[in-house]
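The values are calculated or read from the model by the stated rules, or taken from the named source; none is laboratory data. None of these values were measured; they are calculated from a predicted model. Using ideal geometry, Cβ is built from the backbone for each residue, glycine included, and neighbour counts are taken over all protein chains shown. Just so you know, the surface numbers come from the protein's heavy atoms only, side chains and all, with ligands and any DNA or RNA stripped out. Shrake-Rupley method; radii C 1.70, N 1.55, O 1.52, S 1.80 Å.
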Amino acid sequence: FFFFFFFQAEDGIRDAQESRGLGDVYKRQLNTHTLHLGREQKAPGEILQLADDKNISRKHATIQFEPARGLFELVVHGKNGATVAEPSTRVPVQITPGSQPYSLNSGTLIKIGSVEFVFLLPI
């Protein structure tokens, strides 16, 4: 049971792959339903390290697949929250700890601390 999704980020995220002029592209393959995003990685594969930015908590957010609804969600744990914007409107929405999980679409822009990236699902 594997899911693939891609991040296109401006800077900061580790494990980059070469891109063709679009900024750094990061690909993760999930064999679980969750991926944790944060500042610090204690064990390989446990947390996708975004950047060494004090505005990003060690375990700041989680992207999880919700099989019953057939979609990916962003859950924020870090006190500084996250900002998301849909590709169709680009209107920023602030997500804070305790908020309902935010349903992600391919192309959703996510900003956590100083790091901005685009959540992409393969076609």
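Quick look at the values:
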quantity	calculated
Qualifying residue in region 67-78 (condition: out of contact with any strand residue (DSSP E or B) (no Cβ under 6 Å at 6 or more places or on another chain), open to solvent by less than 80 Å² (accessible area, probe 1.4 Å), at pLDDT 85 or above and not polar (S, T, N, Q))	yes
Checking T83 against (1) closer than 17 Å to H36 by Cα; (2) surrounded by fewer than 18 Cβ atoms within 10 Å (Cβ to Cβ); (3) out of contact with any Lys or Arg (no Cβ under 6 Å at 6 or more places or on another chain), the condition it does not meet	(3)
Among residues of region 81-123, those that are touching a strand residue (DSSP E or B) at 6+ places or on another chain (Cβ under 7 Å), under 22 Å from D53 (Cβ atoms) and assigned to a loop (DSSP other than H, G, I, E, B), counted	5
Subset of region 51-66 that is part of a strand (DSSP E or B) and open to solvent by less than 40 Å² (accessible area, probe 1.4 Å) - its residue that is nearest to G38 (Cα to Cα)	A61
Region 95-123 residues that are hydroxyl-bearing (S, T, Y), paired with ones that are open to solvent by 50 Å² or more (accessible area, probe 1.4 Å) (beta carbon under 7 Å, 6 or more apart)	S106/L120; S106/L121; T108/P87; S114/N55
